Amino acid sequence: MEHPVVRARSADESPLVPGTVAAVLAVKRLHEAKSRLAASLGQIAGGDELGTAHRSLVLAMLLDTIAALRAAGVDRVIVVSPDDEVLQAARRGGVHGLPEAPAGPAESRIAGLNRAFADGAELVRRNWPPSHWVLLIQADLPAATGASVGEVITEAGRLVGDGIDQVMLADREGSGTVLLLRHASLTEVPRFGVGSAAAHRQAGAVELDPERTRWPDLRTDVDTSDDLAAAAELGLGADTAAVLAHR
């Protein structure tokens with residue numbers, strides 16, 4: 001799907017509050033998702049039982065991220081994935097599941113991730129005109145809380161306007177991006193992946209809390225067992241906690 005670049009409308013026409021925000025999350029096929037986490041937890045070569053446990057953990061982190069969004073008042077949520085199990089879980093959770101378009105022959109996984117985010121944002125523009133802002137957010141934030149999501153939206157609302165139409169939040173290391181909140185009329189493909197924080201800043205996104213002193217729960221995306229331990233110290237969402245309790 002092509003996404004032509006469109007100039008953003010004035011932020012004054014579309015106040016940034018939870019009710020004007022729609023969120024998009026992108027998730028790989030479960031057998032490919034979080035391979036570094038599976039390896040660090042020793043779950044790659046452990047047979048089908050461990051494979052099932054890993055898939056359950058990936059889904060649980062997704063559901064906890066969605067729960068944080070909805071607790072903040074972001075009710076329009078799209079999950080983009082090529083995996084039917086992910087889409088079914090999203091729909092059971094009361095959000096929209098969008099099948100990911102097939103990858104091109106030379107498309108990298110990162111390019112596919114960014115295309116999935118862009119396709120989800122396009123669906124927001126087409127189906128939900130009242131959503132003037134699109135929140136592109138990682139799906140592996142099991143410690144995320146509705147309070148933090150709401151605070152980020154409020155803080156972003158103070159910044160937008162006067163030429164600012166997109167804001168971002170870096171991960172706890174400062175090199176990655178956990179969320180990119182931008183005006184719905186911006187159609188450029190995002191730049192998630194290695195070094196995405198710098199790439200998004202270069203593309204014009206203003207960084208929230210560049211000193212990284214606030215919202216540690218939102219900054220803790222989970223790629224390894226150390227990340228999962230850090231999230232657990234902050235407090236896990238109900239779904240992730242339940243999965244880990246049965247490991």
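The values are calculated or read from the model by the stated rules, or taken from the named source; none is laboratory data. Predicted model, so just to flag it, every value in this text is computed and none were measured. In this analysis, Cβ positions are derived from the backbone assuming ideal geometry, glycine residues included, and neighbour counts consider all displayed protein chains.
Filter segment 73-94 for residues that are over 19 Å from GLU32 (Cα atoms) and over 14 Å from the mean Cα position of the chain (by Cα); which is modelled with the lowest pLDDT? The residue in question is GLY93.
In segment 144-196, the residue that is surrounded by the most Cβ atoms within 10 Å (Cβ to Cβ) out of those that are among the polar types (S, T, N, Q) and in contact with a Ser or Thr (Cβ under 7 Å, 6 or more places away or on another chain) is THR177.
This table checks each residue for (1) over 23 Å from PRO216 (Cα atoms); (2) charged (D, E, K, R); (3) at pLDDT 95 or above.
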site: GLU107; (1), (2), (3): yes, yes, no
site: PRO129; (1), (2), (3): yes, no, no
site: THR145; (1), (2), (3): no, no, yes
site: GLY174; (1), (2), (3): no, no, yes
site: LEU179; (1), (2), (3): no, no, yes
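The rows are residues; the columns are (1) over 17 Å from the mean Cα position of the chain (by Cα); (2) at pLDDT below 95; (3) polar (S, T, N, Q).
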{"site": "ALA184", "(1), (2), (3)": "no, no, no"}
{"site": "ASP209", "(1), (2), (3)": "yes, no, no"}
{"site": "ARG212", "(1), (2), (3)": "yes, no, no"}
{"site": "PRO216", "(1), (2), (3)": "no, no, no"}
{"site": "ASP223", "(1), (2), (3)": "no, yes, no"}
{"site": "ALA231", "(1), (2), (3)": "no, no, no"}
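Would you check if ASP64 is modelled with pLDDT under 90 and either part of a helix (DSSP H, G or I) or in contact with a Cys (Cβ under 8 Å, 6 or more places away or on another chain) (or both)? When the stated conditions are applied, ASP64 does not pass them. Within segment 198-216, being among the aliphatic types (A, V, I, L, M) and surrounded by fewer than 22 Cβ atoms within 10 Å (Cβ to Cβ) holds for ALA198, ALA199, ALA203, VAL206, LEU208. In segment 81-126, the qualifying residues are those that are among the charged types (D, E, K, R) and in contact with an Asp or Glu (Cβ under 9 Å, 6 or more places away or on another chain), and the one that is surrounded by the fewest Cβ atoms within 10 Å (Cβ to Cβ) is ARG109. Of all residue pairs spaced 6 or more apart or on separate chains, those with beta-carbon atoms under 6 Å, a first member in segment 193-209 that is farther than 17 Å from PHE117 by Cβ and a second member that is modelled with pLDDT under 95 are VAL206/LEU159; VAL206/ILE164.
At positive phi and not small (Gly, Ala, Ser), is that true of ASP171? For ASP171, the condition - at positive phi and not small (Gly, Ala, Ser) - is not met.
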